[in-house]
Amino acid sequence: MLENREFELKLALNKDELNRLLAHPKLSDPHLERSEKVLKSVYYDTPDFRLRDLGVALRVRDDGEGFVQAIKSGGAVENGVSNPVEIEATIDSSEPDLERVSDKRLRRKLSKAVTGSSLAPAFETVVTRTSFRLKTGDGLVELALDRGEARAKRRKAPIREAELELLEGDPKALLEIAQELFAGQAVQFSSMNKAERGYRLLLKIPETRPELAPARAKPPLIASDQTCGAAFAAIFRSAREQIVENRTVVLETEIAEGAHQLRVGLTRLRAAHRALKPLLDTPAFNQLEDDARAIARAVGELRDADVLIEEIYAPIAGAAPDQQGFDALLCALQAHRDVMRDRARRCLESELWSRLLLSLALWPAMLEADASLRQQSIADYAQRALKKRWKKISKCGRAIKRLEPEEKHKMRRSLKKLRYMTEFFAPIFSSKEVKPFVKQLRTLQDVFGYVNDVRMAEQLGAIATERGEGQECVLAAGIVLGAHEERAAEAWTHAQEEWRRLKSRGRFWA
């Protein structure tokens with residue numbers, strides 16, 4: 001880790017969660033190093049908030065034993081993770097002393113900012129902090145449980161949070177402790193640090209929540225001169241953002257696209273894991289894949305239920321001359337979807353999700369810190385990874401005319417992984433070569449996807465029998481399935497043609 005840079009995970013807690021955490025067996029060990037202090041921290045700024053504008057927080061803390069000045073920069077909290085630069089110094093009084101800032105560049109920056117103005121107290125926080133020092137084989141972690149309030153003028157806001165900070169060793173120690181302590185409960189990351197909370201209180205900035213809407217993938221910003229650690233950290237952050245946002249959509253709305261984009265995000269995450277696994281085949285890293293796969297299965301069942309209604313039932317029902325049984329079939333499919341939605345939501349609020357969420361929060365920083373990944377060029381590795389993935393697809397493609405249903409499904413999944421890997425690594429290569437390849441790949445993937453949807457639709461009869469009313473519902477299911485099977489047979493001939501077109505294209509990574 002960089003000198004003076006902290007690595008923290010911040011979680012918001014309610015009163016019951018805090019009490020439950022304090023009763024955790026790991027924190028009940030009588031030999032555990034534990035302390036409790038009342039901390040009063042005063043945050044200073046100029047009257048026109050020049051330090052805030054610089055992204056710097058200046059704090060003087062009274063811990064009952066003396067005054068400690070701290071300068072923090074780059075401390076924004078992203079999905080609970082904060083990686084700020086912090087420079088501390090013991091000072092003689094409660095007034096800040098910029099001459100005690102050890103970093104010369106930062107000291108000059110602060111002095112210049114306050115020239116022509118003055119520093120004064122802006123707000124304060126008062127918390128009771130219970131601290132534990134927790135050791136693992138990979139490092140030393142401090143757990144701080146804070147309960148108190150922020151105060152600005154006559155306004156107050158409660159503070160109740162847990163903060164895990166890596167004191168020494170590998171960031172994997174932070175993940176190990178976090179999962180042991182928090183995976184058994186609902187996890188809610190802190191969305192801001194104490195400084196930001198104080199400024200919001202002082203300036204009367206309301207906490208706003210963005211409108212719930214399905215979130216598409218945002219391309220990770222990677223470059224050919226990056227290391228594997230930096231590039232894959234960006235890829236994992238991109239997948240994490242899509243997953244976390246769409247989970248909320250699935251939990252709080254019935255927008256079908258939310259489940260679709262959540263499954264896409266989970267698939268992208270698993271594709272990234274598969275791409276990186278040759279360099280990082282560890283139990284902790286593979287646990288992330290296991291958890292993502294289990295959640296993807298539940299979300300996938302919900303998405304399949306949506307597809308049965310929107311893309312399998314609706315096109316045929318709308319064109320059918322005899323509507324007898326179709327209304328009953330729709331009711332049966334909607335009841336089936338309700339069951340799948342409840343199942344997916346339970347999974348997304350389970351211990352499994354909490355464990356995955358903690359992994360999603362911490363793995364990007366862990367990848368950046370991994371010494372072996374910092375020695376690997378992403379440009380070289382992307383070329384090898386794409387070549388390996390193409391080789392696997394080509395093996396299936398050689399027998400495309402004779403593929404059995406399960407083999408078609410296998411090739412479809414391989415195509416999907418190739419597409420996501422190509423999109424991950426696209427900035428490394430020439431866009432003139434990448435874009436036509438991806439366009440052709442998507443066309444082929446769409447055909448494979450439709451054929452797979454029709455295969456999945458074989459459950460229509462069982463759903464109609466179990467949840468429908470009357471034989472006419474079952475007959476309607478047969479009509480829908482029969483029509484799509486005929487279309488799928490024709491579509492498969494196009495798949496073979498599209499595969500030949502894709503295969504004839506040059507390999508942009510070669």
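Annotations for the structure displayed:
- Here segment 3-73 is assigned +1 on the Cβ of each Lys and Arg and -1 on the Cβ of each Asp and Glu. Its dipole about the Cα centre then comes out at about 140 debye.
- Where the chain is the region considered: accessible area per residue in Å², 1.4 Å probe: 49
- Note on segment 109-250: with charges restricted to the Cβ of Lys and Arg (+1) and Asp and Glu (-1), its dipole about the Cα centre is near 880 debye.
- Each principal axis of the Cα cloud of segment 82-224 was taken in turn, and the coordinate range along them, longest first, works out to 49, 46, 42 Å.
- Cβ crowding within 10 Å averaged over residues, with 335-344, 131-140, 235-244, 290-299 ranked highest first: 235-244, 290-299, 335-344, 131-140
- Selection from ALA259, ALA230, THR128 lying farthest towards where the dipole of the chain points positive, charges on Cβ: ALA230
- Estimated at the nearest 10 Å², the accessible area of LEU32 is 40 Å² with a 1.4 Å probe.
- 27 Å tail of the calculated P(r), segment 1-160, as % of Cα pairs: 30
- When the convex hull of its Cα atoms is projected in every direction, mean area for segment 252-391 (nm²): 11.3
- Solvent-accessible area of the chain (1.4 angstrom probe, protein heavy atoms only): carbon and sulfur portion equals 47 percent.
- Size-normalised alpha-carbon gyration radius of the chain, reference 2.2 N^0.38 Å: 1.16
- Charge dipole (Cα centre; +1 on Lys/Arg Cβ, -1 on Asp/Glu Cβ; no other charges) of the chain amounts to roughly 1900 debye.
- Cross-link pairs LYS388/LYS417; LYS15/LYS72; LYS401/LYS503 - those with Cα-Cα distance over 18 Å: LYS15/LYS72
- Spatially, segment 480-501 and segment 261-288 are offset by 31 Å when compared through their Cα centroids.
- Based on DSSP H segments of at least four residues, each scored -39500 (n - 2.57), the chain has a per-residue ellipticity at 222 nm of -18000 deg cm²/dmol.
- Helix 351-369 axis versus longest C-alpha principal axis of the chain: approximately 70°, rounded to the nearest ten.
- The accessible area of GLU257, taken with all protein chains in place and a 1.4 Å probe, comes to roughly 60 Å².
- Helix 405-425 vs. the chain, principal-axis angle (Cα, 0 to 90°, nearest 10): 40
- Helix 471-504 axis, angle to the chain major axis (alpha carbon atoms, nearest 10°): 80
The values are calculated or read from the model by the stated rules, or taken from the named source; none is laboratory data. A quick note: this is a predicted structure, and the numbers were derived from the prediction, not measured. Cβ sites come from the backbone with ideal geometry, for glycine too, and all protein chains shown count toward neighbours. Protein only, heavy atoms only, side chains kept; ligands, DNA and RNA dropped before computing areas. Shrake-Rupley method; radii C 1.70, N 1.55, O 1.52, S 1.80 Å.
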